[in-house]
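Visitor: Could you have a look at this structure, given as structure tokens, before my questions?
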Amino acid sequence: MLFPRLMTAIIGLPLLVAAIYFGSLPFFFLILAIVFLGLREFYFLAEENGYPTFRWLGVLAGILIVVSVFLNGTAFAQVTENQSTAALLSLVIIALAVRSIWRGPTETLLSEWGVTFFGIFYVAWSLAHLLLLRDLRPQGQGATFLLFVLIWAEDIAAYIVGTRWGRHPIAAQISPKKTWEGTIAGLVAALGVAAAFQATLLRQQLRLSEALVLGLVMGILAFISDLSESLVKRSAGVKDSSPLLPGHGGILDRFDSFFLTAPFFYYYWAFLKH
């Protein structure tokens, strides 16, 4: 198990770091690919759990939302007022209604609407905030690296300590392998990363006390975000969202910690630090 995880990291990590470093189009295409694959996995899990969806309408809407956020919410396009994303969401509602009327009444209609829309928000809308975070000036690059490294460090520390010394499950019904020992180790790692970034890349933007509080909050939120995706998998009766990434599972498994942290982290910087 360790070798496939290592090989996936060796191949994927340089691409991810380069995309964050350069930002703009490279980072946009990376997030676009992650959202596309993640939405496909999400709707597969929903259907495995017995919830019909408008799968391709949801995938298309998610892709268009990421494109809209990039074109209207970042410096790539100069606009004075961004209403395109809101308009797009309204069009999705219209499309769902028209598609359903064309097909006729079914017992699963509300499930199809609800799950389709939730997937768009849970995967596409959440991860699109990474584009907004990276585009913040002048701290976007450093803040984006902080978020990714903090979550990576938390995951690695929790995995190593939990696998070797974990004895007390923290959420046995949702994710049996997660333990208190691993979770605490992950939070300590998150605090360490936040302190390290405060001392280097983000010295001008964060005080040490602020960085430690932020690291703790993000660590806890990342853990909750991870559990939320595990809950979906548990409901569908599968171990991984897909076998796409050897040793890591699927896209949802690899980026599950970002679904709740990316929006929170972006709005923290946008409202309080920008």
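Just so you know, all these numbers are worked out from the coordinates, no wet-lab data involved. Quick caveat: nothing in here was measured; it's all calculated off a predicted structure. Cβ: placed from backbone, ideal geometry, glycine included. Neighbour counts: every protein chain shown.
Visitor: Tell me which label goes with the value of log10 I(q)/I(0) by the Debye sum over Cα atoms at q = 0.10, 0.12, 0.14, 0.16 Å⁻¹ computed from the coordinates here: [x] -0.54, -0.78, -1.05, -1.31; [y] -0.52, -0.76, -1.07, -1.44; [z] -0.61, -0.80, -0.99, -1.20.
Guide: Matching the structure shown: [x].
Visitor: Compute the FRET efficiency between Lys177 and Ala97 as 1/(1 + (r/R0)^6), taking r as their Cβ-Cβ distance and R0 = 30 Å, and round to the nearest 0.05.
Guide: E(calc), rounded to 0.05, equals 0.10.
Visitor: Something else now. Any lysines with Cα under 24 Å of the Lys177 Cα? List them, leaving off those in the same chain fewer than 8 positions away.
Guide: The qualifying lysines are Lys233, Lys239.
Visitor: Now, a different point. Around Arg167, with a cut-off of 15 angstrom between Cβ atoms, what is the net charge of the other residues, counting Lys and Arg +1 and Asp and Glu -1?
Guide: On the way: positive: Arg164, Lys177, Lys178; negative: Glu181.
So the surrounding residues net to +2.
Visitor: For Glu107 and Leu60, calculate 0.36 nm times their separation in residues minus their Cα-Cα distance, and state this gained length in nm to one decimal.
Guide: On the way: separation 47, 0.36 × 47 = 16.92 nm, distance 2.44 nm.
Residue separation times 0.36 nm, minus the Cα-Cα distance, leaves 14.5 nm.
Visitor: Something else: Mind sorting Phe28, Phe42 by how few other Cβ atoms lie within 10 Å of their own Cβ, fewest first?
Guide: Phe28, Phe42
Visitor: Assigning unit charges at the beta carbon (Lys, Arg +1; Asp, Glu -1) and nothing else, what dipole magnitude in debye, to the nearest 20, does the chain show about its Cα centre?
Guide: In total the dipole reaches around 340 debye.
Visitor: Between Phe29 and Ser90, what length comes free when the chain is fully extended (0.36 nm per residue of separation minus the Cα-Cα distance, one decimal in nm)?
Guide: 19.5 nm is the gain from fully extending Phe29 to Ser90.
Visitor: Would you tally the net charge around Ile220, using a Cβ to Cβ cut-off of less than 13 Å, leaving Ile220 out, and scoring K and R as +1, D and E as -1?
Guide: Net of charged neighbours comes to -2.
Visitor: How charged is the neighbourhood of Glu181? Take every other residue with its Cβ under 13 Å from the Cβ of Glu181, and add Lys/Arg as +1 and Asp/Glu as -1.
Guide: +4
Visitor: Using a 7 Å offset from Cα along Cα-Cβ at Lys239, what residues in the stretch 174-205 end up with backbone N under 20 Å from the label point?
Guide: 174-179
Visitor: A further question follows. Please list, ordered by chain and number, the residues whose modelled amide H lies under 5 Å from the amide H of Thr179; skip anything fewer than 5 residues away on the same chain.
Guide: Residues meeting the criterion, in which the H sits 1.01 Å from N, are Ile170.
Visitor: Relative contact order of the chain, please, whole-number percent, based on alpha carbon pairs below 8 angstrom and at least 6 residues apart.
Guide: Over the chain, the number comes to 23 percent.
Visitor: A further question on this structure: Please list, by residue number, every one of the chymotrypsin sites (Phe, Trp or Tyr not before Pro) in the stretch 213-274 that is coil in DSSP and has at most 11 other beta-carbon atoms within 10 Å. Display every interim value, and only then the final one.
Guide: Details: sites: Phe223, Phe255, Phe258, Phe259, Phe264, Phe265, Tyr266, Tyr267, Tyr268, Trp269, Phe271; in loops: none.
Filter output for the stretch 213-274: empty list.
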